[in-house]
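The values are calculated or read from the model by the stated rules, or taken from the named source; none is laboratory data. Predicted model, so just to flag it, every value in this text is computed and none were measured. Note: ideal-geometry Cβ built from the backbone for every residue, glycine included; neighbour counts use all protein chains shown. Surface accessibility is based on the protein's heavy atoms, side chains included, excluding ligands, DNA and RNA. Shrake-Rupley method; radii C 1.70, N 1.55, O 1.52, S 1.80 Å.
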Amino acid sequence: MKVVVIGGTGLIGSKLVAGLGDHGHEAVPASPKTGVNTLTGEGLAEVLTGAQVVIDVSNSPSFERTAVMEFFETSTRNVLAAEATVGVGHHVALSVVGTEQMPENGYFAAKITQEQLIEKSGIPYSLVHATQFFEFVRGIADEATDGDTVRIAPVRFQPMAGDDVARAVARVAVGAPLNGRVETGGPEQFRMDEFFRDALAAWGDPRQVVSDPQAKYFGSVPGERTLVPDEGATLGTIHYRDWLAQNAPAK
């Protein structure tokens, strides 16, 4: 079937396009790089014509509170309107585990708005809530750095590989619409401060990790279970140590 991947040239989107194509589907990437702009609507009607499924894994170019809300609200409205016009039968969106637990976080608030628009659209849908990606853990450490110290909250943490995220989304996309959500996470759960202490050691990074219950995670203090899925989540198979061995930066 024809599956259009909004954000199909990005980290997860490119993996989705490749994986779905390998399984015999017509997977079409849609992004500004391919002439599709979800903020203006440019190219949407053309790329969605004939599609049975649309997967939205796009992301805002800015995480500033107003900008990220405008991106998800505007782009989601445009995509859903175009889908209704051409008769798309399944809308799949990638979201984040814990969105509703940190609504004061600007990014999470925008994702909540995106989900509400999808739920009210009348188009059959599935939401996939994923935990943090291995690909972004260095950025988390950098965001939490103050001098030579990395302040991390001692809460549960269950990151996963981008390849596992893409597989989880693809499985949902080729199935019947859930009209609800599923959660997915990594195969191991850690204390976040311990994970980063071990990770920095593995990177050969001299910064020191300090456990701080008030440490913020991209602007908000996470709770004990904010960043991990509930029981029954689909778990990935790739462990961080194995992923790191394959993705260590060149020296």
Only one of Gly98, Gly89 is at positive phi and surrounded by 14 or more Cβ atoms within 10 Å (Cβ to Cβ), namely Gly98
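I'd like the full set of residues that are of a type outside the set (Ser, Thr, Tyr) and farther than 19 Å from Ile112 by Cα, limited to the stretch 58-89.
Ala82, Glu83, Ala84, Val86, Gly87, Val88, Gly89
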Quick count over the stretch 192-226, residues being within 26 Å of Val172 (Cβ to Cβ), out of contact with any Asp or Glu (no Cβ under 9 Å at 6 or more places or on another chain) and open to solvent by 50 Å² or more (accessible area, probe 1.4 Å), is 1
Would you tally the residues in the stretch 113-141 being outside any loop (DSSP other than H, G, I, E, B), under 17 Å from the mean Cα position of the chain (by Cα) and of a type outside the set (Val, Ile, Thr)? 14
Can you list the helices (runs of 4 or more DSSP H) lying wholly within the stretch 142-251 that have 2 or more residues being among the β-branched types (Val, Ile, Thr) and farther than 26 Å from Lys111 by Cα? none
Residue list for the stretch 22-49, filter: open to solvent by 60 Å² or more (accessible area, probe 1.4 Å) and more than 21 Å from Ala161 (Cβ to Cβ): Gly24, Glu26, Pro32, Lys33, Thr34, Leu39, Thr40, Glu42, Glu46, Thr49
Considering residues of the stretch 227-249 that are of a type outside the set (A, V, I, L, M, F, W, C) and touching a Phe, Trp or Tyr at 6+ places or on another chain (Cβ under 8 Å) only, the residue least open to solvent (accessible area, probe 1.4 Å): Tyr240
Search the stretch 28-44 for residues that are within 17 Å of Val17 (Cβ to Cβ) and pair each with any residue that is outside any loop (DSSP other than H, G, I, E, B) and among the hydroxyl-bearing types (Ser, Thr, Tyr) when their beta-carbon atoms are under 7 Å apart and the residues are at least 6 apart or on different chains. Thr38/Ser75
Does the stretch 112-129 contain at least one residue that is out of contact with any Ser or Thr (no Cβ under 6 Å at 6 or more places or on another chain), open to solvent by 30 Å² or more (accessible area, probe 1.4 Å) and within 29 Å of Ala199 (Cβ to Cβ)? no
Taking the criterion of being within 30 Å of Thr38 (Cα to Cα), in contact (Cβ under 8 Å) with a residue 40 or more places away in the chain and among the polar types (S, T, N, Q), would at least one residue in the stretch 133-155 satisfy it? no
Those residues of the stretch 3-21 which are under 10 Å from Asp163 (Cα atoms), open to solvent by 30 Å² or more (accessible area, probe 1.4 Å) and either among the hydrophobic types (A, V, I, L, M, F, W, C) or in contact with a Ser or Thr (Cβ under 6 Å, 6 or more places away or on another chain) (or both) amount to Leu11
